[in-house]
Amino acid sequence: MTREYAFYPGCSSQLKASASNYLTSVESMCRTLDVKLTPIPDWNCCGASISYAGSGEIARHAMNARNFALAEKHLPGRDMVATCAACWLNARETQEQLAEDHVLMRETRAALKEAGLDYSGKTPVKHMVEVLIEDFGYEALARPVVKPLEGLKFAGYVGCQTNRPFGIAGETLRPVLHMAATIGAEVPLWEPRTNFGDTDMLVLDMAQGRDLAQTVGRGAGALMRGHGSVAAGCSLREAVYIAIYLEINAHLQMDALRFGKKINFLSPGEIEKILARQSKGKPSEGFDRAWEGWCNRAGIPFKRLS
């Protein structure tokens, strides 16, 4: 049975945009799973990049509410789906803010009325990952798999502002906190200019992707000069853990640098022993313990892995 959704592509998924390759993968997956994504007619930007810089709350939430209103008008009864994390987050924030703030809701609806639209707040918005997990489930996703990716180490992009100064200044990011031992003895820097000259700073082809992967190597991640970082783990929980402690460690290291004294980083021996303890995965320690805490904060069920 075909599952149908109101699709919000977002600016980055358009042809030749930064996430167009991502959309190609999503479309291929949807064909396999018999999912129909119908783009919301006349959708507009969610405001992730521009509204925070100069727009007020009304403008920002009205932009997202307009997308909901268009979905409700043209694709009634369908959940709204976004593939971009920023688009999904902005849409969710608007939905939650308008549900809690009646004055903001009234002013937003008044703005939409000028365009002949109305917002009810009844259309759920999901990220594509939520669709896969909640609407399909792991067993259904496993059935069409042709080439299992077990044992594959993946790297997710982290757009953290805190660790960017290290790549910009060429300062080595090294662990100063015991829980940050997972980032390794030092985090390498990927400099695209070395092998590709002047670029748009995005990773848009296989050559750049392989070059970045070589920089990560067997490590836990890499900084991307003027951009952000990638966190590599053998599981989602490990990768998220690394990403979070990359940021926390960057904060602490910058604070310590202000004293103008020699920083006492973790030694290779300390890193080795900490990682060995984490890998044992005791119930009250390691990645599972951190994941449980984050699940509780997010209000979602925690599932212990065997």
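The values are calculated or read from the model by the stated rules, or taken from the named source; none is laboratory data. Model, not experiment: these values are computed from the prediction. Every residue, glycine as well, gets a Cβ built from its backbone with ideal geometry; the counts of neighbours run over all protein chains shown.
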How do the helices (runs of 4 or more DSSP H) wholly within the stretch 156-216 filter down when requiring 3 or more residues that are within 15 Å of Leu257 (Cβ to Cβ) and not acidic (Asp, Glu): which remain?
-> 164-169
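Residue by residue, here is whether (1) outside the structural domain of Ser229 (by TED's automatic domain parsing); (2) of a type outside the set (A, V, I, L, M, F, W, C); (3) buried (at least 16 other Cβ atoms within 10 Å of the Cβ); (4) on the phi > 0 side of the Ramachandran plot holds:
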position: Asn163; (1), (2), (3), (4): no, yes, yes, no
position: Ala180; (1), (2), (3), (4): no, no, yes, no
position: Gly184; (1), (2), (3), (4): no, yes, yes, yes
position: Pro188; (1), (2), (3), (4): no, yes, yes, no
position: Arg193; (1), (2), (3), (4): no, yes, no, no
position: Phe196; (1), (2), (3), (4): no, no, no, no
position: Asp200; (1), (2), (3), (4): no, yes, no, no
position: Val203; (1), (2), (3), (4): no, no, yes, no
If the Cβ limit is 7 Å and pairs must be 6+ apart or interchain, which residue in the stretch 80-99 that is closer than 21 Å to Thr24 by Cβ pairs with which residue that is in a strand (DSSP E or B) and among the charged types (D, E, K, R)?
-> Val81/Lys126
Which residues, counting only those in the stretch 107-138, are loosely packed, with under 11 Cβ neighbours inside 10 Å and within 14 Å of His61 (Cα to Cα)?
-> Ser120
Name the residues in the stretch 90-100 that are surrounded by fewer than 15 Cβ atoms within 10 Å (Cβ to Cβ) and either aliphatic (A, V, I, L, M) or touching a helix residue (DSSP H, G or I) at 6+ places or on another chain (Cβ under 9 Å) (or both), would you?
-> Glu93, Ala99
Starting from the stretch 124-144, keep only residues that are within 20 Å of Pro9 (Cα to Cα), then list their pairs with residues that are in a loop (DSSP other than H, G, I, E, B) whose Cβ atoms are within a distance under 7 Å, requiring at least 6 positions of separation or different chains.
-> Pro124/Asp79; Lys126/Asp79; Met128/Thr83
Filtered residue count, the stretch 1-38, keeping only those that are outside any helix (DSSP H, G or I), more than 22 Å from the chain's Cα centre (by Cα) and of a type outside the set (D, E, K, R) | 4
